Amino acid sequence: MVNSDQIKPSVQKGILCAKCEHLNRRGTETCRRCGSALYITCKHCKTKNPRVTTKCSNCKHSLHRSRRNRFLRKWMPKRQRKVAGQVALGVAVGFIVYKIIILVLNRMG
Ligand SMILES: [Zn+2]
Ligand SMILES: [Zn+2]
């Protein structure tokens, strides 16, 4: 989590690029070095915020998805995640049952 207080001094001097950290002049829409957008519009209230901030200055709505969520979304859709959990549980239970059967059979024999 980036504390918004840490960003304030750089925002006063200019607009810091979220991608390459190049300090751009105020009023610039895109980074002069890498060309990426310097502002992000809040989906919640349509307020324009510098891209380096994580929360909307107006409504505190989160502007970026967390890295972890993006990773999970990319590699494991929700339904698949659930299935993976069930499969893991099934395998674990099956393994325990199998072990008990072997144990019982050994005792009987
Ligand atoms: Zn840049
Ligand atoms: Zn907002």
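The values are calculated or read from the model by the stated rules, or taken from the named source; none is laboratory data. Computed from a predicted model, the values in this text were never measured in an experiment. Cβ sites come from the backbone with ideal geometry, for glycine too, and all protein chains shown count toward neighbours.
Within the range 1-27, residues that are not assigned by TED's automatic domain parsing to the domain that holds Cys56 have Cβ atoms under 7 Å from residues that are surrounded by 10 or more Cβ atoms within 10 Å (Cβ to Cβ) and at pLDDT below 90 in no pair, counting only partners at least 6 apart in sequence or on another chain. Return the residues of the range 50-63 that are away from ligand 1 (no atom under 16 Å from the Cβ) and part of a loop (DSSP other than H, G, I, E, B); say none if nothing qualifies. Correct list: Thr54, Cys56, Ser57, Asn58, Cys59, Lys60, His61, Leu63. Within the range 88-98, not a single residue is modelled with pLDDT of 85 or more, assigned to a loop (DSSP other than H, G, I, E, B) and either in contact with a strand residue (DSSP E or B) (Cβ under 7 Å, 6 or more places away or on another chain) or more than 30 Å from Ala18 (Cβ to Cβ) (or both).
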